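Only the coordinates and a few stated rules stand behind these numbers; no lab work does. As the structure is a computational prediction, the values presented were derived from the model and not from experiment. Cβ placement follows ideal geometry from the backbone for every residue including glycine, while neighbour counts extend to all protein chains displayed.
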Amino acid sequence: MAIDQFSGSLPMMLYRTLDAVMPRFRKIFNDFGLTEQQWRVLRVLWEYEAVTINRLAELTLIPAPSLVGVVDRLERDELVTRQRSQADRRKVNVVLIARGVELEDQVMPRVAKTYAELKQSVDPDTWDAVLEGLQEISAVEEKSA
């Protein structure tokens, strides 16, 4: 079985794509004093409102031990808080507070604009095919795990 040239291998293509895409988003995050990891946590909470650390780790792809420090910093910056679950006192949810909710209105329009610009820079069929292909590849990993 032949292995692709190094520069054309899937891992290198993914890294190159991230290097082309992420600086645009990092600029936005930096403008609001956020790291990529903090952004991922906030993005999930803007969608789900309250999430346990384990579920947050799963959704953000940040290992739980690292996530604790990320949440600590977000809590220090008064964007989130931790609340013990009323249904199961052993569980602690990470929850947005007012400042974190307000931040969504400031950050998301810029993120949406950048996303739209990226999407417009590629043929729509190519865009759809890339997303579909990446979903298929990641599903293979989930099935084998």
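Note on residue 31 and residue 55: their simple-model spin labels are 3.2 nm apart, each label 7 Å out from Cα toward Cβ. Note on the chain: GNM, Cα springs under 10 Å; of 130, 70, 21, the largest mean-square fluctuation is that of 130. You can think of it this way: the chain between residue 72 and residue 89 has 4.1 nm of extra reach, that is 0.36 nm per residue less the Cα-Cα gap.
If R0 is taken as 25 Å, the Cβ-Cβ distance between residue 125 and residue 17 corresponds to a FRET efficiency of 0.90. Computed over the chain, relative contact order equals 19 percent, with contacts defined as Cα pairs under 8 Å that lie 6+ residues apart.
Using just the helices of the chain, give the 222 nm mean residue ellipticity in deg cm²/dmol: DSSP H runs with n ≥ 4 each add -39,500 (n - 2.57), and the total is spread over all residues, rounded to 500. Calculated at 222 nm, the ellipticity per residue is -23000 deg cm²/dmol. Dipole magnitude for the stretch 4-106: computed about the Cα centre from +1 point charges on Lys and Arg Cβ and -1 point charges on Asp and Glu Cβ, it is near 300 debye. More than 25 Å apart: what percent of Cα pairs in the chain qualify? Pairs farther apart than 25 Å: 41 percent. Close Lys pairs in the chain (alpha-carbon distance under 30 Å; sequence gap of 8 or more, or different chains): 4. On a 0 to 90 degree scale, rounded to 10, what angle separates helix 64-76 from the longest Cα axis of the chain? So the inclination is approximately 60 degrees. To the nearest 10 degrees, how steeply does helix 10-31 sit against the main Cα axis of the chain, on a 0 to 90 scale? Result, in degrees: 40. Using a Gaussian network model of the chain in which every pair of alpha carbons under 10 angstrom is joined by a spring, one finds that among 85, 121, 66 the greatest mean-square fluctuation is at 121.
Loop-resident chymotrypsin sites (Phe, Trp or Tyr not before Pro) (DSSP state other than H, G, I, E or B) in the stretch 11-79 with no more than 15 further Cβ atoms inside 10 Å of their Cβ: 32.
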